[in-house]
Structures are given as structure tokens and as C-alpha cells.
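Here's the structure we're looking at; comments come further down.
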Amino acid sequence: MKKTYTYAPNPFQKMPKRIKKLSVANAVYIVDRDIRGKKITSQEFKERVKEVENKFISLFGGVTNDEINHGEFLSKVNHKIITERVARIMSFVEVPIFKKHRKALEEWLLQKKKEWNQEVIAYEFEGDLYYI
């Protein structure tokens, strides 16, 4: 049995010719604050969003930017509720391409967490959210 990352049935009873299934959905959430809750500039936020978009394009060939107004979480560092601006950058990709690039993505996300001074980077994979 061939392992896939989605368990949903095909959307059409008989699949039309030339349909390409991009069955791996993944996303990175970019926030406008650092680990201490200090807000970054709007320009720096936009640069981070663009950097994630470019990374997804280079690894997976496409990207969608689904900017969100705000998000909130309870910080483990300072035990306060942090409200922040959030952008959700997502990409859909075929299984073989994702497998080929997943290690590079993991290493890049860990590097960005440190570089951006983040408590976590939220990474969504197939509907599940991981705090890296």
C-alpha cells in the first residue's frame, strides 16, 4: 500500500485527465513579536513574510499568503497573554517533492527560529499544528 499524507477520497468520481494532486498541505505562521513580546517593525514583518514565501516557492514551487489580523497565546517565557499580528504562509505540494525537501525545510525553520528570536515557530502540516 502506497503511503500518502491525506486520507480524503478523490473529489471526483472519475478523475479528469491531467489532474495533479498536491496532497501535502503545510504552512508557517509569521508573527510580529519576538520571544520577549517586543514588537518588530512593520517592514521587518513584511520581510519575514516574503522570506517564507520565497522559501516555499524554492522548495515546493508555489505559495499562498493568507494574512490574519491577530493571534493570541500564553507565553511560557513571561507568563502573559501575547497578542500579535500573524500571517499564514502555506503551500501545497506532491508527496515526492515534499519528502525530497523536508529536511531542508526543518533545518531552515530551526535557523529562522533562532535568527528571529522566537519562542516557537508555528508550522502546520496536514491540518496539525506543531510548535518548533
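The values are calculated or read from the model by the stated rules, or taken from the named source; none is laboratory data. Because the structure is predicted, anything quoted here is derived from the model rather than measured. Here Cβ is always computed from backbone atoms with ideal geometry, including for glycine, and neighbour counts include all displayed protein chains.
Residues of region 115-131 being outside any strand (DSSP E or B), closer than 15 Å to Val77 by Cβ and of a type outside the set (A, V, I, L, M), which ones?
Step one: of region 115-131, the residues outside any strand (DSSP E or B) are 115-121, 126-127.
Okay, now just the ones that are also closer than 15 Å to Val77 by Cβ, so 116-121.
Result: Trp116, Asn117, Gln118, Glu119.
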Next on the checklist: I'm trying to understand the selection: among the residues of region 33-65, which are within 19 Å of Tyr131 (Cα to Cα) and modelled with pLDDT under 95?
Outcome noted: Arg33, Asp34, Ile35, Arg36, Gly37
Checklist entry - Do any strands (runs of 3 or more DSSP E) lying entirely in region 1-114 carry at least 1 residues that are within 13 Å of the chain's Cα centre (by Cα), surrounded by 10 or more Cβ atoms within 10 Å (Cβ to Cβ) and touching a residue at least 40 places away in the same chain (Cβ under 8 Å), and which ones are they? => result 24-31, 81-93
Next on the checklist: Consider region 115-130. How many of its residues are surrounded by 13 or more Cβ atoms within 10 Å (Cβ to Cβ) and either free of Cβ contacts under 8 Å to residues at least 60 places away in the same chain or aliphatic (A, V, I, L, M) (or both)?
Outcome noted: 3
